[in-house]
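Notes to accompany the following structure.
The numbers here are math on the coordinates, done by the rules we state, and not lab data. Just so it is clear, the model here is predicted, and its values are computed rather than measured. Reconstructed Cβ throughout: ideal geometry from the backbone, glycine too, with neighbour counts over all protein chains shown.
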Amino acid sequence: MAILLPGGAGYIGSHTAVELLNKEKEIIIVDDFSNSKPEMIDKIKQITGKDFKFYEVNCLNKKELEKVFEENSIEAVINFAGFKAVGESVKEPLKYYNNNVSGAITLLQTMQKYGVKKFVFSSSATVYGTRQEVEYTEKMKRGETANPYGTTKSMIEKILEDLYFADNQWDIAILRYFNPVGAHESGLIGEEPQGIPNNLMPYIVRVANGTLKELSVFGNDYDTPDGTGVRDYIHVVDLAKGHVKALEKLEKEGTGIYTYNLGTGKGYSVLDMVKTFEKVTGQKVPYKIAPRRAGDLAIYYADPNKAKEELNWQTEKTLEDMCRDSWNYICK
Ligand code: WQD
C-alpha cells in the first residue's frame, strides 16, 4: 500500500518523500512541475537509494488522477500541491483558488471514489489571521486571512471539517506550518523559488552569493525586541518528520480529524536571522531598512505542545542548522 504525495517534487514534499522512504514506506509522487523541477525526482532517489513511482499530473485533471488510483493500491494521501506566494496570490486570486482549492476538491473526490480516506493536509499558520495573541494554539478559531493564499488554506481546512462531519470514516490531519526554511544536509534538495524570492531566507542566501545586491528589511519599528518582524522558523527536515508522525497517528487512530501546529515555539527576528546567517556561513549580508510590507504582522510563533503530546514530535534543528543548510544548498 503506497502513500500518494501530490506536489511531492516541491520543497516540503521532496523532504517529506525522503523521510518516508527512510522509514521504508512505499510512496508515489504526483507533480505537474508548476513550482518544482523534474530533477528533484532523481535527487530524492539519490539521497535515499530507493525507487518509487512518479506521475506528471495536475490534481485538477480528474481523469489522469483516477488513473493513478486505478493503477496503484493507495493507503493515504499527503497533499502538498498548492501555490504559496503571498504576493502573487493577491495579484492572481483565481489562479490560487482554482489550483489550491479546486485541486484539493478534485483530489478528495477521487480519494472518496476509490475508498481512500486517510488525508494529511499542508496548511499554514496564516489561517490564524490577524489577532491580539502572538503565541498561536490549535484551540483558537481561524481568523480573517490577509491574502488569497491564506484564504485557500483556511477554505480547505473548512472543507475537511465539513467532509469529516458528513462521513466520520475519514482520517484527517491538518498541519499548520509556521515558517519553513533550510534544506536537506546533502545539499541535493532545497527551496528553489521561481524568480525574485518573497520569503526571507531564500532572499538572504541570494544576497550572500551575490545574485541580489542587498536585503530590504521590511520595517524596524515593530513592537519587537529589535524592531524587526519576529517569526517561528522551522527546519524543513523537522517539518518533514512531523508529517511522518502525523501519518503514524492516522494509522493508529483509524478515523478522526486532528489539527497540529508544526513550529519550534521560538520566535526570531529578521536581524537575528541575518546575524546568525553571517556567523554560521562567514558571508556578509548587506541590508537596508525599508518600509513595512503590507499585510505583515509584527510577531507570531507556535505553541507546539499539542504535536509534542499527541504525535510525540518536536523540532530538533536550530537556527544555525537552518542557516548552514540553506547556504550549503545554494552553494551546491
Ligand atoms: C518573514 C519575515 C518579513 C523578506 C509567509 C506566509 C506563510 C508561509 C511563509 C509559504 C517577515 C521579513 C521578508 C524580505 C524581510 N508561506 N522579510 N525582507 O510573511 O512570515 O510568511 O511565507 O510558505 O504562510 O504567510 O514569511 O519569509 O516572507 O517573512 O524583512 O525580503 O521576514 O517582513 O517579518 P511570512 P517571509
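The table below gives the values:
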read-out	value
Convex hull projection area averaged over all views, region 12-162, Cα basis, nm²	10.0
Pairs of lysines in region 192-324 (C-alpha under 16 Å apart; 8 or more residues apart or interchain)	16
Region 1-65 - convex hull of the alpha-carbon atoms, volume per residue in Å³	72
Gyration tensor (alpha-carbon) shape descriptor, region 259-302, a/c threshold 1.5	oblate
Whole-angstrom gap from region 44-70 to region 270-297, using each part's C-alpha centre	38
For region 180-332, share of DSSP beta bridges that run antiparallel, in % to the nearest 5	20
Region 100-195: relative contact order as a whole-number percent, Cα under 8 Å and 6+ apart	33
Antiparallel DSSP beta bridges within the chain, as percent of all bridges there, nearest 5	5
R0 of 35 Å, Cβ-Cβ distance LYS53-THR318: FRET efficiency to nearest 0.05	0.45
Protection proxy ranking, peptides 13-23, 111-121, 132-142, average beta carbon neighbours within 10 Å, highest first	13-23, 111-121, 132-142
Amide H contacts of ILE299 (H built 1.01 Å from N, under 5 Å, at least 5 apart or other chain)	VAL230
Interchain or long-range residues, amide H under 5 Å from ASP32's placed H	GLY7, VAL57
Per-selection metrics, region 183-256 (Cα): Rg and Dmax in Å	17.5, 52
Rounded to whole Å, sorted largest first: equivalent-ellipsoid semi-axes of region 174-332, Cα gyration tensor	29, 19, 13
Percentage of interatomic Cα-Cα distances in region 271-332 larger than 17 Å	61
Globularity ratio of region 47-120, using Cα Rg and 2.2 N^0.38 Å	1.25
Average projected area [Cα convex hull, the chain], square nanometres	15.5
Relative contact order (%) - criterion: Cα under 8 Å, at least six apart; region: the chain	19
Long-range amide H partners of ILE289 with built H, under 5 Å	VAL217
